[in-house]
Each structure stands twice: as C-alpha cells, then as structure tokens.
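Asker: Could you have a look at this structure, given as structure tokens, before my questions?
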Amino acid sequence: MKSKFALFLALFCILILAACANSGSNAAGSSTNAAKEPEIQAETELVIKAKNYSFDQEEYHLKKGVPVKIIFENESGNHGILVPELNLQLSGKKNKKVIVPEETGTFQMTCSIMCGAGHTGMIANVIVEE
C-alpha cells in the first residue's frame with residue numbers, strides 16, 4: 001500500500017513539474033516577442049572584423065543620427081564587441097545590429113568574450129561625428 005502511494009505521489013510531482021516548466025517557457029517566449037526592438041532601416045553598413053587579440057582597425061567612424069548596420073565577423077578565435085554608450089554588443093551568436101548614434105564623441109570598443117592572454121589589449125575607438 002505504501003509503495004503504491006509513493007509511486008502515485010512521484011508521478012503527481014513529475015506532472016506538476018512538467019506543467020510548470022511548459023508554462024514558464026511559454027511566458028518567456030511571449031515576453032521576448034513583446035520586448036522586441038523596432039526594426040530600423042540602415043542607410044549604411046560597417047563591418048568590424050576580429051582576429052586573435054586585435055580588431056581590423058584602430059578607429060571606426062560613424063555619423064550622428066545616421067542608422068548604420070554593424071556586422072561583426074570573427075576571423076580567428078572567439079571574440080565579441082561591446083560599446084555600452086552605443087548600446088552595442090555583438091558576438092558570433094548575434095553578429096548584426098542596426099544602431100542610430102545619438103551623440104558625438106569617441107567611445108571605446110572592447111572584446112566582450114574572454115579570449116586569452118591578449119584579451120585586455122583588444123581595444124578600438126568608435127568615433128561618432130556630426
């Protein structure tokens with residue numbers, strides 16, 4: 001009798017956990033769709049390439065108020081880019097984004113993925129001009 005009750009209780013718990021897991025993934029999926037950014041048409045493109053411990057340029061130039069599609073490419077190693085002031089973070093998983101720089105200045109771009117001994121030296125400047 002005790003073993004039947006224990007089996008029933010175990011099955012009941014499994015069903016409850018399965019139901020909770022499914023409802024949680026649906027809720028997460030719907031909130032992701034609700035928070036999706038509006039799609040902006042880019043007027044220009046900028047390709048940023050990374051290889052072990054360096055970017056392909058020391059400086060990248062953008063125009064204030066002009067929508068630009070940033071495309072990130074890894075030529076060797078595992079890298080990402082991060083420019084917090086421009087709300088820009090890209091990697092191998094998400095490698096494209098359209099941004100509209102709203103303020104002029106020089107912003108530091110760093111590698112956002114720990115890539116080895118030269119990681120801290122992976123720095124370039126993004127310059128937003130009038």
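Asker: What are the aspartates and glutamates whose alpha-carbon lies under 14 Å from the alpha-carbon of K49, with same-chain residues fewer than 8 places away excluded?
Answerer: Filter leaves E58, E59, E73, E75.
Asker: Working out 0.36 nm times the residue gap between E75 and E59, then minus their Cα-Cα distance, what length gain in nm do you get to one decimal?
Answerer: 4.0 nm
Asker: In region 44-129, with Lys and Arg counted as +1 and Asp and Glu as -1 at Cβ, which of these residues, F55, N74, M109, has the Cα nearest the positive end of the dipole, that is, farthest along it?
Answerer: Of the listed residues, the answer is N74.
Asker: What length, rounded to one decimal in nm, is gained on full extension from Q41 through to T120, with 0.36 nm per residue of separation minus their alpha-carbon distance?
Answerer: Between Q41 and T120, full extension yields 25.1 nm more.
Asker: By counting other Cβ atoms within 10 Å of each Cβ, how are H119, H61 ranked from fewest to most?
Answerer: By the 10 Å Cβ count, ascending, the order reads H61, H119.
Asker: Based on DSSP, what percent of beta bridges with both residues in region 35-130 are antiparallel, to the nearest 5?
Answerer: Restricted to region 35-130, the bridges split so that about 60 percent are antiparallel.
Asker: Using the basic label-point model (7 angstrom from Cα toward the beta carbon), what is the T104 to E130 distance in nanometres?
Answerer: According to this spin-label approximation, the distance is 0.4 nm.
Since every read-out is calculated from the coordinates, none of them should be taken as a lab result. Because the structure is a prediction, the values reported are computed rather than measured. Because the Cβ atoms are built from the backbone with ideal geometry, glycine has one as well, and the counts that use them run over all protein chains shown.
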